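This report concerns only the one structure given below.
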Amino acid sequence: MKLTVLTAAVVLFAGFEGAGVGSAAAQEQRATERDAAASERWRRWRDYNRYPGPIPTPEEWEAPAGPIRIGLQVGHWRASEAPNELRRIRYNGTRWRETAEWEANLAIARLAGAELEALGYEVDLLPAVVPPGYRAHLFISIHADGSDSPAASGYRVSAPRRDATGRAEAAARVLRETYGAATGLRQLPVSTRRMRNYYAFNYRRYEHALHPMTIALIIETGFMTNARDREIILDAPERAARGIVEAVKAFPITRLPAAPTPGPQDGQRQDGQRQDR
């Protein structure tokens, strides 16, 4: 009887010990799998990150050399030419009847660009695909919204979710104010996830994206599917353009220097009398 009980106890103890060993082995296996998964995630991120080098910080930001340069991107214009990395943008965009979104965006961008050039700015009118590492003092991507509801109305402006310049949100605040004043449209309080993560902002993922030191914004100028908004973006695009131009003029980084005060004309005394020669 005693031998039987002792044998059973030994077997039971051995069973517990075996279970403990098995549990430790399982934990070690799970830890190995977690490490392997983490290594794979790192490898994928490294391959996914296309920007060659450390991301600059806002403290390292410097304005580009040369005259003040403004990039105006026409949303969806020539999107069918997009490279394979941007193939998803080739056939999207809203429309109103026969008018495609890119046509409305192009009309606004051309008007704004012409006015900015007349003021002395350097202006690049850019299609949907931006040059790799595009650098400017300010980049504004111009779009229009669409909705299944004809009641949807208003404009919205967004800075990138990741802004290496540290200055885009300040520019966005200026554009929100000037665009509303110029158009009278309602400002929508929330930007969309797609706006904040716009592909041209994503220099980590795409080759055809902005340089991280380019201050960048995106504006949805109004809803093509709303009658009141169409009065601005289709019928009076000069008002939408005016809102963009005023933002460029007001933003401190892109504000043109004041013209020098003219002195006395050559051959003219300050009292207005002509000097003898």
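Which count do you get for residues in the range 164-176 that are touching a residue at least 40 places away in the same chain (Cβ under 8 Å) and open to solvent by 60 Å² or more (accessible area, probe 1.4 Å)? Outline the logic, then answer.
Taking the range 164-176 and keeping what is touching a residue at least 40 places away in the same chain (Cβ under 8 Å), we get 164-168, 170-172, 174-175.
Pick out the ones that are also open to solvent by 60 Å² or more (accessible area, probe 1.4 Å) and you get 167.
Here the count works out to 1.
Do you know which residues across the range 177-213 are open to solvent by 80 Å² or more (accessible area, probe 1.4 Å) and either in contact with a Phe, Trp or Tyr (Cβ under 8 Å, 6 or more places away or on another chain) or closer than 21 Å to Ala250 by Cα (or both)?
Glu177, Ala181, Arg186, Gln187, Arg205
Being of a type outside the set (A, V, I, L, M, F, W, C) and over 22 Å from the mean Cα position of the chain (by Cα) is the requirement here; does Pro252 meet it?
No, not satisfied.
I want to confirm something. Restricting to the range 145-158 and keeping residues that are among the hydrophobic types (A, V, I, L, M, F, W, C) and more than 21 Å from Val74 (Cβ to Cβ), which single residue is most open to solvent (accessible area, probe 1.4 Å)?
Among residues in the range 145-158 that are among the hydrophobic types (A, V, I, L, M, F, W, C) and more than 21 Å from Val74 (Cβ to Cβ), the one most open to solvent (accessible area, probe 1.4 Å) is Ala151.
I need a count of the residues in the range 83-109 that are open to solvent by 70 Å² or more (accessible area, probe 1.4 Å), closer than 16 Å to Glu220 by Cα and part of a helix (DSSP H, G or I).
Selection size over the range 83-109: 2.
Looking at Val123, Val130, which is the one that is farther than 20 Å from Tyr179 by Cβ and at pLDDT 95 or above?
Val130 is the lone residue from the list that is farther than 20 Å from Tyr179 by Cβ and at pLDDT 95 or above.
Could you check how many residues of the range 72-82 are touching a residue at least 24 places away in the same chain (Cβ under 8 Å), open to solvent by 40 Å² or more (accessible area, probe 1.4 Å) and assigned to a helix (DSSP H, G or I)?
1
What are the residues in the range 112-127 that are under 21 Å from Arg194 (Cβ atoms) and either out of contact with any Ser or Thr (no Cβ under 9 Å at 6 or more places or on another chain) or open to solvent by 40 Å² or more (accessible area, probe 1.4 Å) (or both), if any?
Listed by number, the list holds a single entry, Pro127.
Criterion first (open to solvent by less than 80 Å² (accessible area, probe 1.4 Å), out of contact with any helix residue (DSSP H, G or I) (no Cβ under 9 Å at 6 or more places or on another chain), acidic (Asp, Glu) and modelled with pLDDT of 75 or more) does Glu60 satisfy it? Walk me through it before giving the result.
Values: open to solvent by less than 80 Å² (accessible area, probe 1.4 Å): no; out of contact with any helix residue (DSSP H, G or I) (no Cβ under 9 Å at 6 or more places or on another chain): yes; acidic (Asp, Glu): yes; modelled with pLDDT of 75 or more: yes.
When the stated conditions are applied, Glu60 does not pass them.
Please find, among Arg228, Arg196, Arg186, Arg204, the residue that is at pLDDT below 95 and not hydrophobic (A, V, I, L, M, F, W, C).
Unique residue meeting the criteria: Arg204.
Take the conditions in a loop (DSSP other than H, G, I, E, B) and either touching a helix residue (DSSP H, G or I) at 6+ places or on another chain (Cβ under 7 Å) or at pLDDT below 95 (or both) and apply them to Arg239. Does it pass?
No.
Restricting to the range 178-193, what's the tally of residues that are touching a strand residue (DSSP E or B) at 6+ places or on another chain (Cβ under 9 Å) and either part of a helix (DSSP H, G or I) or of a type in the set (Lys, Arg) (or both)?
Qualifying residue count for the region: 4.
Scan the range 64-84 residue by residue and report those that are at pLDDT below 95 and under 18 Å from the mean Cα position of the chain (by Cα).
none
Condition check: closer than 23 Å to Trp102 by Cβ and open to solvent by 20 Å² or more (accessible area, probe 1.4 Å). Does Arg161 satisfy that?
Values: closer than 23 Å to Trp102 by Cβ: no; open to solvent by 20 Å² or more (accessible area, probe 1.4 Å): yes.
So Arg161 fails the test.
The values are calculated or read from the model by the stated rules, or taken from the named source; none is laboratory data. Worth saying up front: this structure is predicted, and the values here are computed from it rather than measured. A quick note on method: Cβ atoms are made from the backbone with ideal geometry, for glycine too, and the neighbour counts reach across all protein chains shown. Surface areas here come from the heavy atoms of the whole protein model, side chains and all, with no ligands, DNA or RNA. Shrake-Rupley method; radii C 1.70, N 1.55, O 1.52, S 1.80 Å.
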